[in-house]
1. Using the count of nearby Cβ atoms within 10 Å as a rough guide to exposure, how do 114, 71 rank from fewest to most?
2. Based only on other Cβ atoms within 10 Å, what is the fewest-to-most ordering of 48, 34?
3. List the pair-distance distribution P(r) of segment 1-76, using every Cα-Cα distance, as the percent of pairs falling in each 10 Å bin from 0 up to the bin containing the longest distance, rounded to whole percents.
4. Going by how many other beta carbons lie within 10 Å of each one, how would you line up 37, 62, fewest first?
5. How do 119-130, 5-16, 50-61 rank on mean C-beta neighbours within 10 Å, highest first?
6. In µm²/s, what is D for segment 2-141 at 20 °C and 1.002 mPa s, where D = kT/(6 pi eta Rh) by Stokes-Einstein and Rh is the Kirkwood radius from Cα pairs?
7. Summing -39500 (n - 2.57) over the DSSP H runs of n ≥ 4 in the chain and dividing by its residue number, what mean residue ellipticity at 222 nm do you reach, to the nearest 500 deg cm²/dmol?
8. Sort out for me the Cα centre separation of segment 107-143 from segment 13-45, rounded to whole Å.
């Protein structure tokens with residue numbers, strides 16, 4: 001919850017500048033994840049930055065943790081087709097408007113490298129015109145619950 005609180009504060013500021021509603025909810029349990037705090041923070045911020053970048057004013061971004069400890073970042077942005085989803089973690093890949101939005105095409109490639117180092121699975125679901133959902137699934141042996 002500490003890294004989520006930290007990143008939510010930063011992302012909320014970015015979202016407010018674009019008049020995007022940033023919705024978070026505290027987790028029911030406090031999950032302890034073994035890993036490098038700064039790298040996990042960077043991983044989350046890279047995905048949150050993309051969510052803000054590809055979401056228009058007046059729309060929303062949802063950021064929460066499931067009861068299984070997965071972290072979900074869901075936006076109401078422009079979305080992607082399945083072809084684009086299959087390439088987003090490649091270095092220098094920029095989908096359509098990425099160039100216009102100041103994307104270098106490196107953010108999600110770096111996020112993926114951090115995830116691999118921490119054995120975190122990144123699941124992506126996206127629909128053009130509806131938005132994108134990133135779900136971070138942490139390895140069971142690196143997560144514990146504190147009540």
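Read-outs throughout are calculated quantities, based only on the coordinates presented, and are distinct from any laboratory measurement. These numbers come from a predicted model, not from an experiment. All Cβ positions, even for glycine, are placed from backbone atoms using ideal geometry, and neighbour counts span all protein chains on display.
1. Working: 114 20, 71 25.
Exposure proxy ranking, most exposed first: 114, 71.
2. Working: 48 23, 34 13.
Ascending Cβ contact count within 10 Å gives the list 34, 48.
3. Taking every Cα pair in segment 1-76, the percentages come to 20, 54, 24, 3.
4. Values: 37 11, 62 17.
Neighbour counts put them in this order, fewest first: 37, 62.
5. 50-61, 5-16, 119-130
6. Numbers: Rh = 15.1 Å.
It diffuses with D of about 142 µm²/s by this estimate.
7. Value at 222 nm, helices only: -10000 deg cm²/dmol.
8. Cα centres, segment 107-143 to segment 13-45: 13 Å.
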